[in-house]
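The values are calculated or read from the model by the stated rules, or taken from the named source; none is laboratory data. Small disclaimer: the values here were computed from a predicted structure and weren't measured. Note that we place each Cβ from the backbone using ideal geometry, even for glycine, and neighbour counts take in every protein chain shown. What goes into the accessible areas is simple: the full protein's heavy atoms, side chains included, and nothing from ligands, DNA or RNA. Shrake-Rupley method; radii C 1.70, N 1.55, O 1.52, S 1.80 Å.
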Amino acid sequence: MEIIVDRWGVPHIYAQNEPDLFLAQGFNAARDRLFQLDLWRRRGLGMLSEVFGPAYVERDRAARLLLYRGDMEREWASYGPAARQAATSFTAGLNAYVAWLERHPEALPPEFARLGYAPSRWRPEDVVRVRSHGLAMNVTSEVLRAQVVCKAGIQADRLLWRLEPAHRTRVPLGLDPCAIPADVLRVYQLGTQGVRLEGSTLVSEPRPPGEGSNAWAVSPRRTATGRPVLAADPHRSLTAPSLRYVAHLSAPGLDVIGAGEPMQPGVSLGHNGTAAFGLTIFGMDQEDLYVYRTKGDSYLYKGTWEPFRKVTERVPVPGGGQDVELAFTRHGPVIATDEARGLAYALRTAWLEPGTAPYFGSLRYLKARNFGEFAEVMRSWGGPPENQVYADANGHVGWVPGGLAPRRTGYDGLLPVPGDGRYEWAGFRDGQDLPRLLDPPEGFVASANEYNLPPGQRVGYEWDQPYRRQRIAEVLAADRRATVAGSARLQNDVLSTPARSLVALIRDLAPSEPAAARALGVLRDFDGVCAVDSGPAALFEVWLSRHLGPGFLRAMGLPPEATRFDMRILLDELRRGGHEDLLTRTLAAAYDDVAARLGADPAAWRWGDLQRTVFASPTGADVGPFARGGSSYTVNASVYHPGDFRQLLGASFRMVLDVGAWDKSIAINAPGQSGDERSPHYRDLAASWQRGEYFPLLYGKAAVEAAAAQRIALSPASG
């Protein structure tokens with residue numbers, strides 16, 4: 001086995017068979033990302049207390065509630081006959097590197113010495129039992145919706161988020177929306193959040209809302225080369241190291257390159273020399289919150305008091321252990337109780353079913369040679385729910401979604417439901433029932449988490465707003481000679497289509513209030529391009545996120561719990577007229593807000609002086625800050641915190657593939673490939689990412705040899 005690391009930190013791994021290939025992949029993943037992997041394992045399995053002390057027992061208990069606890073034979077079988085061997089070889093490689101470090105302690109990543117513990121060994125099942133890093137997140141909106149309905153009535157739901165397909169939310173019979181405690185998701189959040197260190201103290205890192213992605217594939221009849229172009233850029237938390245890891249895996253029968261989860265064998269976005277694939281989140285509702293009447297250690301189900309299933313586990317802590325009790329209903333883990341009301345709350349989720357370990361199912365499509373084979377794999381895809389954009393060297397482009405979709409009868413899944421037996425899942429939909437698209441007449445396929453199902457099909461009601469998809473389609477439809485470079489520019493595009501619409505609505509406003517008039521003077525000619533050096537973009541984004549959006553929610557009578565707004569609903573209401581006072585008041589407040597932050601001269605304002613990107617490390621070895629452009633509505637997506645404008649989500653990994661001329665493909669993975677802060681590849685890609693630059697994603701052996709920066713020889717016996 002041989003690993004050639006190119007000058008950008010990408011490992012090209014060559015082996016004589018697949019078990020050795022995945023063993024080498026695991027060894028290399030640990031070599032580059034050991035502390036990230038060890039912390040991920042401990043967080044996911046509920047083992048933080050073992051090294052950080054008893055203060056983390058509650059968090060470990062939460063994580064253990066959300067582990068896969070089903071039949072492992074069914075679990076492994078769900079991913080195909082080679083999956084168990086792949087995980088076994090991969091974790092053997094991880095453990096081989098840990099064993100190597102025991103013989104070479106000088107190479108141990110410094111975080112372990114700083115925190116006073118050693119990395120753990122892995123078991124194959126660790127790779128698939130942890131589910132809490134790839135969630136559907138619908139339960140969060142169920143609780144928010146219940147809080148809004150409790151305080152403002154069911155009619156307020158139409159102002160919260162546009163449902164697709166069009167639908168009127170109904171309160172399930174037997175549900176009191178006001179019986180959902182404000183902290184009902186506390187345990188759920190503890191079990192799904194990331195962690196970071198403040199000094200020697202480990203603290204929770206909340207998952208930001210709005211994770212999404214872009215992906216598109218352009219038909220050869222619309223490209224300059226006559227070859228397809230496929231582009232993909234997942235939008236995730238911006239961390240150091242990156243949440244994705246780029247690798248090339250080559251053995252007889254398998255030759256694939258792309259990005260995947262560092263803790264799993266294979267890759268999930270990339271190509272295999274024939275077929276290329278990129279993914280985005282698909283708006284499938286996979287979660288429900290169940291509410292039960294309780295009596296003692298039982299809950300009411302179909303008129304009978306049914307006992308909670310309870311499990312006691314010992315959580316190791318330094319010098320001993322603490323016992324924790326986990327409770328489950330027939331629907332799932334109990335995440336909250338209200339003893340005063342005699343109520344309990346449990347999470348039912350598709351991602352605790354066999355075959356739903358996040359992204360692990362990608363192992364099955366790595367050898368697909370055509371769209372039919374690829375779509376057949378996606379028929380049994382578990383989680384997270386995904387759109388897959390596809391292209392191949394034979395000139396085809398396509399789209400196929402996948403995910404384990406519950407069949408709900410008699411309710412819509414938008415609010416919590418009583419757990420008394422009236423609201424059950426009638427199994428799961430056959431993935432074959434989902435639509436697919438091959439070689440459409442438009443000459444391209446694109447996905448940006450928008451509602452994309454044909455009439456009559458429904459897997460959920462909550463989808464991302466359509467603006468990124470609209471801008472992608474606008475650019476692709478206007479270009480009949482698409483190129484890799486053009487798709488790279490589109491991935492970095494910062495034009496906000498709703499900004500154009502909103503500015504057009506206020507252009508004829510004539511406010512008498514001086515600050516509002518000055519604001520309008522800045523915005524009247526704003527073209528919607530949220531560039532890093534744009535003063536109008538700074539004012540627009542502050543106005544929208546800190547003043548107009550929240551002001552609109554309050555003007556519509558929504559309670560303080562409602563903090564997100566739907567741009568489509570906002571624009572529709574403003575077009576109806578009668579909101580001049582809201583516009584004037586919020587424009588004036590936004591102008592004063594920006595002036596206080598950036599100075600009195602609007603000509604000196606820059607959006608990048610407010611919005612910043614920091615690749616946050618769990619140990620404080622952050623990379624950045626970088627001045628940042630873009631917004632939630634631009635293709636180059638940036639979800640930011642409206643308090644301090646710190647970017648929360650974006651595309652740290654991007655790839656654009658020249659399908660068939662693979663060595664002309666490009667990618668970026670910021671801030672770098674390595675998770676070891678001593679490595680030259682820890683932060684070497686961050687500045688290129690900031691400038692919108694890429695490195696060549698090399699595939700052919702000759703090209704790889706020419707770019708070699710390091711060689712590592714391994715043997716299966718020695719690791």
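Taken over segment 453-474, the criterion of being in contact with a Gly (Cβ under 9 Å, 6 or more places away or on another chain) and crowded, with 19+ Cβ neighbours inside 10 Å is satisfied by Val459, Gly460, Tyr461, Glu462, Trp463, Asp464, Arg468. Taking residues in segment 635-656 that are farther than 15 Å from Arg207 by Cβ and β-branched (Val, Ile, Thr), and partners anywhere that are assigned to a loop (DSSP other than H, G, I, E, B) and open to solvent by 10 Å² or more (accessible area, probe 1.4 Å), the pairs with Cβ atoms closer than 8 Å and at least 6 places apart or on different chains are Val635/Asn492; Val635/Asp493; Val635/Val494; Val656/Tyr694.
Within segment 567-594, residues that are among the polar types (S, T, N, Q) have Cβ atoms under 7 Å from residues that are modelled with pLDDT of 95 or more and assigned to a helix (DSSP H, G or I) in these pairs: Thr584/Ala516; Thr586/Trp543; Thr586/His547; Thr586/Leu548; Thr586/Gly551, counting only partners at least 6 apart in sequence or on another chain. Restricted to segment 127-151, and to residues there that are assigned to a helix (DSSP H, G or I) and among the charged types (D, E, K, R), the residue that is surrounded by the fewest Cβ atoms within 10 Å (Cβ to Cβ) is Lys151.
If you take the residues of segment 357-384 that are closer than 21 Å to Pro406 by Cβ and of a type in the set (Ser, Thr, Tyr), which of them is surrounded by the most Cβ atoms within 10 Å (Cβ to Cβ)? Here the answer is Tyr359. Please work out if Ala113 is aliphatic (A, V, I, L, M), open to solvent by 30 Å² or more (accessible area, probe 1.4 Å) and free of Cβ contacts under 8 Å to residues at least 40 places away in the same chain. Yes, satisfied.
The residues of segment 228-286 that are over 20 Å from Ser487 (Cα atoms) and either aromatic (Phe, Trp, Tyr) or touching a Cys at 6+ places or on another chain (Cβ under 6 Å) (or both), listed by number, are Tyr245, Phe282.
Do we have any residue at all in segment 254-270 that's open to solvent by 40 Å² or more (accessible area, probe 1.4 Å) and over 23 Å from the mean Cα position of the chain (by Cα)? Yes, that holds for at least one residue. Out of curiosity, is Gly410 out of contact with any Cys (no Cβ under 6 Å at 6 or more places or on another chain), buried (at least 24 other Cβ atoms within 10 Å of the Cβ), at pLDDT below 95 and in a loop (DSSP other than H, G, I, E, B)? Answer is no for this residue. When Met263 is tested against (1) part of a loop (DSSP other than H, G, I, E, B); (2) without any contact (Cβ under 8 Å) to a residue 40 or more places away in the chain, exactly one condition is not met: (2). Whether any residue in segment 433-442 is open to solvent by 10 Å² or more (accessible area, probe 1.4 Å), in contact with a His (Cβ under 8 Å, 6 or more places away or on another chain) and not small (Gly, Ala, Ser) is what I want to check. Yes, there is a match, as at least one residue in segment 433-442 is open to solvent by 10 Å² or more (accessible area, probe 1.4 Å), in contact with a His (Cβ under 8 Å, 6 or more places away or on another chain) and not small (Gly, Ala, Ser). What is the residue count in segment 313-341 for residues that are over 27 Å from Val51 (Cα atoms) and out of contact with any Phe, Trp or Tyr (no Cβ under 9 Å at 6 or more places or on another chain)? Residues meeting the conditions: 3.
Only one entry of Arg314, Arg341, Arg348 meets the criterion of being among the basic types (Lys, Arg), under 29 Å from the mean Cα position of the chain (by Cα) and either more than 30 Å from Ala82 (Cβ to Cβ) or open to solvent by 30 Å² or more (accessible area, probe 1.4 Å) (or both), and that entry is Arg348. I want to confirm something. Restricting to segment 38-62 and keeping residues that are within 23 Å of Thr91 (Cα to Cα) and basic (Lys, Arg), which single residue is surrounded by the most Cβ atoms within 10 Å (Cβ to Cβ)? Within segment 38-62, the match that is surrounded by the most Cβ atoms within 10 Å (Cβ to Cβ) is Arg43.
Listed conditions (1) within 21 Å of Gly283 (Cα to Cα); (2) open to solvent by 20 Å² or more (accessible area, probe 1.4 Å); (3) touching a strand residue (DSSP E or B) at 6+ places or on another chain (Cβ under 8 Å) are all met by Val389, apart from (2).
On the stretch given as segment 503-519, residues that are under 36 Å from the mean Cα position of the chain (by Cα) and buried (at least 18 other Cβ atoms within 10 Å of the Cβ) total 3.
In the set (1) of a type outside the set (Ser, Thr, Tyr); (2) over 29 Å from Ile281 (Cβ atoms); (3) part of a loop (DSSP other than H, G, I, E, B), Pro81 fails one condition alone, (2).
Among the residues of segment 394-407, those that are surrounded by fewer than 18 Cβ atoms within 10 Å (Cβ to Cβ) and farther than 19 Å from Val139 by Cβ comprise Asn394, Gly395. The single condition from (1) farther than 30 Å from Asp32 by Cα; (2) over 24 Å from the mean Cα position of the chain (by Cα) that Ala251 fails is (1). Here the strands (runs of 3 or more DSSP E) wholly within segment 152-241 that include at least 3 residues being open to solvent by less than 10 Å² (accessible area, probe 1.4 Å) are 212-218, 229-237.
Note on segment 20-42: residues that are of a type in the set (A, V, I, L, M, F, W, C) and either under 16 Å from Pro109 (Cβ atoms) or not in a helix (DSSP H, G or I) (or both) amount to 8. Scoring Phe428 on the criteria (1) in contact (Cβ under 8 Å) with a residue 60 or more places away in the chain; (2) open to solvent by less than 40 Å² (accessible area, probe 1.4 Å); (3) within 25 Å of the chain's Cα centre (by Cα) leaves a single failure, condition (2). Residues satisfying the criterion are present in segment 644-657 (criterion: of a type in the set (Ser, Thr, Tyr) and either under 15 Å from Ala215 (Cα atoms) or under 19 Å from the mean Cα position of the chain (by Cα) (or both)). Scoring Gly53 on the criteria (1) under 23 Å from Leu289 (Cβ atoms); (2) touching a Pro at 6+ places or on another chain (Cβ under 8 Å) leaves a single failure, condition (1).
In segment 521-603, counting only helices (runs of 4 or more DSSP H) that sit wholly within it, the ones holding 3 or more residues that are open to solvent by less than 50 Å² (accessible area, probe 1.4 Å) and small (Gly, Ala, Ser) span 535-542, 580-598.
Out of the residues in segment 650-704 that are among the acidic types (Asp, Glu) and within 28 Å of Asn370 (Cβ to Cβ), which is least open to solvent (accessible area, probe 1.4 Å)? Going through the qualifying residues, I end up with Asp658. Of the residues making up segment 627-645, none is at pLDDT below 95, open to solvent by less than 20 Å² (accessible area, probe 1.4 Å) and either farther than 20 Å from Ala519 by Cβ or of a type in the set (D, E, K, R) (or both). Can you tell me which residue within segment 476-496, out of those that are crowded, with 19+ Cβ neighbours inside 10 Å and among the β-branched types (Val, Ile, Thr), is nearest to the chain's Cα centre (by Cα)? This residue is Val494.
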